[in-house]
Amino acid sequence: MRDFNRGSEWRKWDLHFHTQSSYDYKDKSQTNEQIIEKLIENNISVVAITDHHIIDIARIKDLSRLADGRITILPGIEFLSETRGNEPIHFIGIFQEQSKCKLDYIWGQLENNTAIKHIKGENKEENEVYCDLEETVKLIHKLGGIVSIHAGGKHSSIENITHCLPHAAAQKTDIAHAIDIYELGKESDQDGYKKVVFPSIKKVIPMIICSDNHDIKNYTLKQNCWIKAEPTFEGLKQIIYEPERVKIQEEKPEIKTAYEVIKSIKIIDAKNVFTTEKIGFSSNLNSIIGGKSSGKSLLLFLLAKTVLSPEKFEEIKKYKNFVVYDNLEGIDCEVEWEDGQISKLSSNDNKRHIDYIPQMHLNNIAEDKEKNITFKQTIDELLHKKLGYTSELHELQSKILEKNQTLSNEIDKYFDNEKELKRLESELSLLGDKKAIEATIVMYNAELQELKSKSNLTPEDELEIKKINDLISEEEKKKTTLNNDIVLFEGTKKVFENLNLRVSNFIDEEFANVVTTLENKILLETIKVNLSKQLISTIDSFKSANPFNTETLSTNILQINENIDKLKLSLEPYNEKFNDKKKFLDTQKKLADEEEKLKKISQKEIEIVSQKSKLNLEVFISRYGELFDSYNKIIELNEPYKLIGKDLELITEIKFDTEKFYSNFSSFITKNQTLDKLFNATIYTNKNEFLYDSEKHIEKINGILLKLFEGTLSFNQYKILKEMVTYLFDDYFKVTYDLKQGYDRLESMSPGKKGIILFQLFLEISSTKTPILIDQPEDNLDNRTVYNTLNEFIKNKKLDRQIIMVSHNSNLVVSTDSENIVVANQNGREEGQVRFDYINGALENTFKSQSVSTSVLKSQGIREHVCELLEGGEIAFKKREQKYNIKKG
């Protein structure tokens with residue numbers, strides 16, 4: 001059974017640890033079992049045994065046996081160098097796991113080719129022997145090891161070399177270039193090295209902090225040392241090439257919200273087409289690689305189809321040149337999220353939001369020449385994902401509508417309301433999984449309760465806190481009630497106002513064939529006037545019975561918000577009484593953030609209900625009957641550009657135009673049938689000519705309008721429903737977008753550059769932190785552009801959100817330091833062999849199997865697969881390893 005893993009993960013390491021074999025160990029009666037138990041208790045994943053001037057091979061083997069895979073034991077040794085200041089400098093050699101190296105040979109070389117030989121040869125004590133630093137470091141490197149040296153405020157540090165000595169500064173620089181790792185004495189030592197030392201010596205050196213244990217019963221960590229890597233020696237080596245893989249801090253680094261991270265996928269296959277073993281995913285960057293037709297894009301497709309709702313996936317299927325894998329009979333998938341929820345291909349439960357960008361989709365959007373409709377729709381969707389981004393544009397549209405008393409106001413208002421509804425629904429989906437947020441709130445409340453139980457709060461304090469929190473809850477309930485009152489008040493008022501017009505129209509329709517004399521017409525008008533007066537009286541009575549208007553209710557809500565703020569302020573003195581104030585405040589902030597999300601979801605649900613009540617088709621014909629001959633032209637407007645990211649500008653423009661009915665509307669309706677067949681012969685001739693009749697014009701326009709909204713018509717030249725309705729009433733507007741970087745507009749950029757710009761836009765403009773799945777973002781790009789443009793961009797963005805990408809480009813996979821590599825392979829159809837197989841692991845996973853019966857994927861490590869499958873893979877690794885000016889002895 002293949003071990004489940006997620007590539008390079010953050011784990012706690014201790015790379016300076018003494019055992020009973022060190023001459024100065026506190027209590028030599030302690031056992032190896034005690035060492036392993038204490039390390040497990042402290043969640044240490046990797047420990048380097050670094051006894052003074054000795055590698056105790058027997059002890060290291062016994063510790064490895066006792067660890068039994070739960071902890072990785074790395075053999076090491078601590079040296080004292082010749083005196084270069086007030087005291088000797090301590091440095092450490094660390095080597096590969098004893099099962100993977102010739103440890104007897106390594107120890108023999110060190111014991112016989114350094115000053116350690118004087119311990120036996122001249123009966124010197126371990127602390128009386130001083131090894132030549134430069135020569136010993138060269139020997140350690142020659143034997144395949146890496147070197148750490150005491151630095152910063154730690155005792156026996158490289159900083160003990162005083163600058164008063166001749167050439168001391170140059171000497172320290174030479175040492176820095178010779179060694180691999182700085183071991184610090186305290187967390188704050190990092191700042192000086194990052195700001196001053198590393199820029200000066202032109203080398204970035206990874207910095208660690210260790211226990212320097214000499215007594216396992218009193219084992220303590222000055223601070224946690226986190227390393228993002230496989231728990232192996234090869235994993236440790238990665239920090240030399242990527243120093244940011246080390247973090248010295250209390251909490252585990254780079255923790256994303258659990259319900260926004262995909263943990264794994266398992267393909268359940270009745271036909272034995274796919275491997276059924278779990279494929280793990282890192283919370284950061286995952287790269288799927290493989291040969292042609294190996295199942296890379298297929299895996300991404302299965303992920304997206306399993307997680308996305310059917311409606312969202314149907315939208316994606318409409319993308320140009322999108323490849324749909326339909327032959328999935330007998331196939332099911334289970335996608336596990338970090339919070340434990342499972343999305344299944346066969347079920348519509350637990351569907352969640354992700355961004356899925358199929359192969360060439362960005363290029364197809366950028367190259368769209370047909371009035372940029374696809375491009376416009378894509379940008380529009382992206383804008384809706386950035387909460388609040390379109391508020392200024394929306395406000396501008398509202399102001400324009402308020403100035404017009406014509407049909408154009410109502411048309412724009414209807415589609416603007418429909419667009420706003422979609423925006424609200426989109427924002428609601430982006431705000432997060434309501435159940436997951438509620439579960440997270442329960443968890444944080446439990447944590448706070450536990451912290452309170454350990455606090456210095458008196459019973460009186462707790463009663464006062466409960467009292468204040470109860471008052472806050474009461475204020476929140478009042479606010480919810482007032483929000484509901486606003487929705488009810490506005491909705492009811494709208495119903496009454498529309499009812500008067502509908503009653504009048506209904507009477508006209510019902511008695512149209514009955515009223516033939518002047519007397520009957522006068523009588524009918526009298527009835528209509530009286531009914532209208534009664535309705536107006538009812539409206540007035542409603543307003544009198546409801547003295548609170550929307551403005552008053554909103555003012556009351558503002559007052560409630562002020563009350564809540566004051567109550568929260570009164571809680572602050574009690575926060576000081578917690579023993580772990582920082583953790584309490586952090587948890588309290590996390591709780592507040594999740595509660596704010598939940599509050600926004602509730603508010604958004606109320607807004608959606610309100611927004612749906614604003615959609616009314618009948619108002620078009622009602623206004624048109626009064627005003628169809630008076631249309632106002634809406635002048636062209638430009639929305640000021642917005643800055644996206646560092647140097648990308650999104651230019652938004654709204655253009656308005658008018659034309660005659662015959663040329664603006666009829667020519668865009670499909671020619672598959674003549675318009676007299678689509679509508680009827682009283683509206684159009686068989687030559688698609690509109691039959692104008694002033695007496696029945698409203699009736700005809702109403703018939704056309706209802707036909708448009710049935711959704712059975714198609715339009716030429718990518719026209720959308722809003723455009724057709726606007727043309728129908730001789731008024732229209734459209735929104736256009738463009739992108740600008742520097743002085744270049746999108747249309748003047750190369751296809752590859754356009755793809756990069758849109759990819760950046762996808763990652764920058766969205767407020768969501770949900771996973772993004774992308775298939776070959778490097779299409780149409782050369783290696784230099786990928787390395788210079790996409791490399792650092794992806795490395796920065798993977799910290800914010802999980803990225804799962806298919807790629808053929810070694811620079812994009814290696815130089816971005818992908819935390820997890822998924823290797824895809826398509827096998828032949830031999831008996832018992834699956835067709836599509838996958839294996840995943842970290843870049844540092846490296847080996848060559850000697851067994852000829854081993855499968856292709858298991859025959860070598862991830863590094864070897866990368867070098868074999870991706871052109872320039874070996875070069876990419878070397879470029880990555882040279883990035884920090886590494887010099888080996």
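For the reader, a short list of remarks on this structure follows.
- Per-region count, segment 828-870, residues of a type in the set (Ser, Thr, Tyr) and either at pLDDT 80 or above or surrounded by 18 or more Cβ atoms within 10 Å (Cβ to Cβ) (or both): 3
- Just one of (1) at pLDDT below 80; (2) buried (at least 18 other Cβ atoms within 10 Å of the Cβ); (3) assigned to a helix (DSSP H, G or I) fails for Ser455. It is (3).
- Annotation note: Cβ proximity below 7 Å between a residue of segment 41-56 that is in contact (Cβ under 8 Å) with a residue 60 or more places away in the chain and among the β-branched types (Val, Ile, Thr) and a residue that is crowded, with 23+ Cβ neighbours inside 10 Å and part of a strand (DSSP E or B) (sequence gap 6+ or interchain) occurs for Val46/Trp13; Val46/Leu74; Ile54/Ile77.
- Matching residues in segment 312-354 - criterion: being among the hydrophobic types (A, V, I, L, M, F, W, C), in contact (Cβ under 8 Å) with a residue 40 or more places away in the chain and not in a loop (DSSP other than H, G, I, E, B): Ile316, Ile331, Cys333, Val335, Trp337
- Only residues that are aromatic (Phe, Trp, Tyr) and closer than 20 Å to Asn616 by Cβ were counted in segment 705-728, giving 1.
Condition check ((1) polar (S, T, N, Q); (2) touching a residue at least 60 places away in the same chain (Cβ under 8 Å); (3) under 30 Å from Leu328 (Cβ atoms); (4) surrounded by fewer than 22 Cβ atoms within 10 Å (Cβ to Cβ)) across all residues:
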{"residue": "Leu221", "(1), (2), (3), (4)": "no, yes, no, yes"}
{"residue": "Glu234", "(1), (2), (3), (4)": "no, yes, no, yes"}
{"residue": "Gln238", "(1), (2), (3), (4)": "yes, yes, no, no"}
{"residue": "Tyr241", "(1), (2), (3), (4)": "no, yes, no, yes"}
{"residue": "Lys247", "(1), (2), (3), (4)": "no, yes, no, yes"}
{"residue": "Glu254", "(1), (2), (3), (4)": "no, yes, no, yes"}
{"residue": "Thr257", "(1), (2), (3), (4)": "yes, yes, no, yes"}
{"residue": "Ile262", "(1), (2), (3), (4)": "no, yes, yes, no"}
{"residue": "Ile265", "(1), (2), (3), (4)": "no, yes, yes, no"}
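- Subset of segment 304-338 (residues that are among the acidic types (Asp, Glu) and surrounded by fewer than 17 Cβ atoms within 10 Å (Cβ to Cβ)): Glu311, Glu314, Glu315, Asp326, Glu329, Asp332
- Options Ser297, Ser287, Ser283; residue that is within 23 Å of Lys798 (Cβ to Cβ), part of a loop (DSSP other than H, G, I, E, B) and in the same structural domain as Glu819 (by TED's automatic domain parsing): Ser283
- Tabulated pairs, segment 475-491, first closer than 16 Å to Asn561 by Cβ, second hydroxyl-bearing (Ser, Thr, Tyr) and assigned to a helix (DSSP H, G or I), C-beta under 6 angstrom, 6+ apart or interchain: Ile486/Thr550
The values are calculated or read from the model by the stated rules, or taken from the named source; none is laboratory data. Since the structure is predicted, the reported quantities are computational estimates derived from the model, not experimental observations. Heads up, the Cβs are rebuilt from the backbone with ideal geometry, glycines too, and the neighbour counts pull from every protein chain shown.
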